[in-house]
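Below is one structure, written out as structure tokens, with a few remarks after it.
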Amino acid sequence: MKKIFSLFLALTLSVGLWAETVSYLCPVYNDPQDVTKGIQKWETKTADATEITNAAGSLNEGWYVVKGTDVQTGTLTCQGAVHIILADGAKLTATGPNTSAGIQVSDEGNSLTIYAQSTGEQSGQLIANGGSGGAGIGGGWE
């Protein structure tokens, strides 16, 4: 039984199924007109997020974090409300093949929100490249 549990734990960790508590910045708007003036203040919040590693596939509704300095994926498909936190110094490059988007956010009910851990030069980076005719973030050629 102990060997089975150890094997399960190793497999689970390798595909990033464990969530960890991660901080991120969220804009603070004191009144509705603040939205048109630009972000004046940031509030630090936390979320339980699963790490994105070098892979491609679906991001189901929930929170994700990019921590690596060179995380490269194929198309990431958002299913539901997806939130990605770019950790300080992290870099995510999502590249879609052919006519696919780098980050696919299509169909009603799917969304993507991207957060940072800080502002300035330490902020994480997101590079989304679509294939021929595909969006960086959005849909593919239809």
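Please treat every number below as a calculation from the coordinates, not as lab data. Everything numeric here is computed off the predicted structure, so don't read it as measured data. With ideal geometry, Cβ positions are generated from the backbone for all residues, glycine too; neighbour counts draw on all protein chains shown.
For segment 40-142, divide the Cα radius of gyration by the Kirkwood radius and give the resulting Rg/Rh value with two decimals.
Values: Rg = 13.4 Å, Rh = 13.7 Å.
Reported Rg/Rh (Cα atoms, Kirkwood Rh): 0.98.
Just to verify a number: FRET efficiency for ASN30 and ALA56, C-beta to C-beta distance, R0 = 30 Å, to 0.05?
Working: r = 41 Å, r/R0 = 1.35.
That pair, ASN30 with ALA56, gives E of 0.15.
Can you compute the equivalent ellipsoid semi-axes for segment 88-135, i.e. the square root of 5 times each eigenvalue of the Cα gyration tensor, sorted largest first and rounded to whole Å? Could the numbers behind the result be given before it?
Details: eigenvalues 115, 43, 7 Å².
Sorted largest first and rounded, they come to 24, 15, 6 Å.
Is segment 60-101 rounded, prolate or oblate when judged by the Cα gyration tensor, a ≥ b ≥ c being the square roots of its eigenvalues, rounded requiring a/c under 1.5 and prolate requiring a/b larger than b/c? All intermediate terms of the calculation are to be shown ahead of the outcome.
On the way: a/c = 3.41, a/b = 1.15, b/c = 2.97.
Judged from the Cα gyration tensor, segment 60-101 comes out oblate (a/c at least 1.5, b/c at or above a/b).
Go ahead and run the numbers for FRET between SER23 and ASN98, Cβ-Cβ distance against an R0 of 25 Å, rounding to 0.05. Could you put the intermediate results ahead of the total?
Values: r = 37 Å, r/R0 = 1.49.
E(calc), rounded to 0.05, equals 0.10.
Provide the gained length on full extension for the span ASP70 to ASP107, in nm with one decimal, where the gain is 0.36 nm per separating residue minus the Cα-Cα distance.
On the way: separation 37, 0.36 × 37 = 13.32 nm, distance 2.92 nm.
Value of the extension gain: 10.4 nm.
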